[in-house]
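To start, the structure under review is shown below, and the notes come after it.
The values are calculated or read from the model by the stated rules, or taken from the named source; none is laboratory data. Every value quoted in this text rests on a predicted model; they were computed, and no experiment measured them. Counting neighbours? That spans all protein chains shown, and the Cβs are built from the backbone with ideal geometry, glycine included.
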Amino acid sequence: MGKKMLVIGEAREGVLRNVTFEAIAAAKKISDGGEIVAVLCGEGDLKEQGNEMIYYGADRAITVSDVKLKTYTSEGFGQAIKAVIQDESPEGIIMGQTAVGKDLTPKLASQLESGLVSDVTEVAVEGGNIIFTRPIYSGKAFEKKIIKDGLLFATIRPNNIPSLERDESRSGEVTAKQVDIKDIRTVIKDIIRKGSEGVDLSEAKVIVAGGRGVKSSEGFEPLEELANVLGGAVGASRGACDAGYCDYSLQIGQTGKVVTPDLYIACGISGAIQHLAGMSNSKVIVAINKDPEANIFNVADYGIVGDLFDVVPKLIEEIKKEKVNA
């Protein structure tokens with residue numbers, strides 16, 4: 001008999017994050033033919049997003065709408081999702097390893113007296129066991145975990161588990177659930193976004209990152225152009241952030257964001273171990289650095305020894321040519 005799985009969706013400014021669809025795919029693999037129930041919290045009419053989760057593999061969706069859920073707080077979202085969990089009694093819960101997921105899921109796990117496997121990069125079913133693979137020691141090794149008893153509760157790292165194909169022929173019930181959200185002690189007075197516009201860094205398929213070698217905030221301009229040409233996002237090493245070249249919201253590394261894009265282009269980044277912890281699992285790594293002994297070349301699939309201010313414009317030019325000829 002299959003397992004009922006609950007997938008906690010996440011939206012940003014009304015648009016579902018890709019990791020929600022990846023979480024549905026992971027739940028589908030675990031469920032063994034059981035029901036996939038998606039849940040989404042927010043403000044206003046969430047039926048369209050509920051249907052979208054069904055198109056990507058959920059069997060039905062539950063939405064919880066309240067003005068108090070307009071902006072994320074662990075108290076508000078925790079109350080809403082816990083109410084759904086109590087009603088549905090799922091055998092497993094999956095959510096993305098995002099800023100919200102990392103904050104919300106440990107609290108829920110504690111309240112449910114459940115274990116939690118975080119930052120999962122692979123899910124497999126072998127011999128009746130569900131095996132979760134996650135990185136340890138800053139990505140230097142991987143461990144496999146099996147939950148022998150209780151709730152299957154896990155968060156998955158974006159860009160690691162492929163989502164299912166979108167299928168508009170799928171249909172399912174989208175139910176609006178009323179939850180009395182109360183006793184919220186956190187008051188959000190204002191939100192200041194410092195991140196770059198466009199593709200979200202944690203879910204970008206292509207990332208162009210700069211280090212101290214960019215030399216200034218203006219040095220990031222060719223990187224931004226390259227990222228735009230490739231339809232990607234711009235990131236940075238801690239060294240670049242510490243030097244004031246860019247905002248810390250772009251930081252990739254052990255104390256920043258952990259990313260796993262299809263293509264990671266490191267420009268002027270030496271390859272400190274703290275930075276490698278945040279990007280070494282990228283599928284293809286291209287390094288551009290003047291120093292042939294730079295540590296970044298040890299993890300790169302392709303290396304270009306040269307000045308990034310000479311190399312990057314040439315890359316942009318060639319990519320534009322390919323797009324014209326395509």
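Results, tabulated for the structure shown:
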| read-out | value |
| --- | --- |
| Any hit, the stretch 267-277, residues being under 21 Å from Pro158 (Cα atoms) and surrounded by fewer than 20 Cβ atoms within 10 Å (Cβ to Cβ) | yes |
| Test: residue in the stretch 302-316 that is closer than 18 Å to Lys140 by Cα and within 27 Å of the chain's Cα centre (by Cα) | no |
| Any helices (runs of 4 or more DSSP H) falling wholly within the stretch 231-326 and containing at least 1 residues that are within 28 Å of Asn18 (Cα to Cα), free of Cβ contacts under 8 Å to residues at least 24 places away in the same chain and not charged (D, E, K, R) | 238-242 |
| Verdict on Val199 being touching a strand residue (DSSP E or B) at 6+ places or on another chain (Cβ under 7 Å), β-branched (Val, Ile, Thr) and either surrounded by 11 or more Cβ atoms within 10 Å (Cβ to Cβ) or more than 20 Å from Pro106 (Cβ to Cβ) (or both) | yes |
| Inter-residue pairs, beta-carbon under 9 Å, first on the phi < 0 side of the Ramachandran plot and in the stretch 141-152, second loosely packed, with under 11 Cβ neighbours inside 10 Å and assigned to a strand (DSSP E or B), 6+ apart | Phe142/Ile136; Glu143/Ile136 |
| Check on Glu113, over 16 Å from Lys29 (Cβ atoms), among the acidic types (Asp, Glu) and surrounded by fewer than 14 Cβ atoms within 10 Å (Cβ to Cβ) | yes |
| Per-region count, the stretch 142-171, residues assigned to a loop (DSSP other than H, G, I, E, B), surrounded by 19 or more Cβ atoms within 10 Å (Cβ to Cβ) and touching a helix residue (DSSP H, G or I) at 6+ places or on another chain (Cβ under 6 Å) | 2 |
| All strands (runs of 3 or more DSSP E) inside the stretch 1-103 with 2 or more residues being in contact (Cβ under 8 Å) with a residue 60 or more places away in the chain and surrounded by 20 or more Cβ atoms within 10 Å (Cβ to Cβ) | 5-8, 60-65, 92-96 |
| Condition met for Ile130 (assigned by TED's automatic domain parsing to the domain that holds Ser163 and more than 25 Å from Asp180 (Cα to Cα)) | yes |
| Residue within the stretch 283-295 that is out of contact with any strand residue (DSSP E or B) (no Cβ under 9 Å at 6 or more places or on another chain), at negative phi and modelled with pLDDT of 95 or more present | yes |
| Residue match in the stretch 299-306 (condition: in contact with a Phe, Trp or Tyr (Cβ under 7 Å, 6 or more places away or on another chain) and in the same structural domain as Leu263 (by TED's automatic domain parsing)) | yes |
| Odd one out for Leu223, checked against (1) buried (at least 16 other Cβ atoms within 10 Å of the Cβ); (2) without any contact (Cβ under 8 Å) to a residue 40 or more places away in the chain; (3) in a helix (DSSP H, G or I) | (2) |
| Selected residue (criterion: surrounded by the fewest Cβ atoms within 10 Å (Cβ to Cβ)) from residues of the stretch 172-194 that are under 24 Å from the mean Cα position of the chain (by Cα) and not charged (D, E, K, R) | Ile192 |
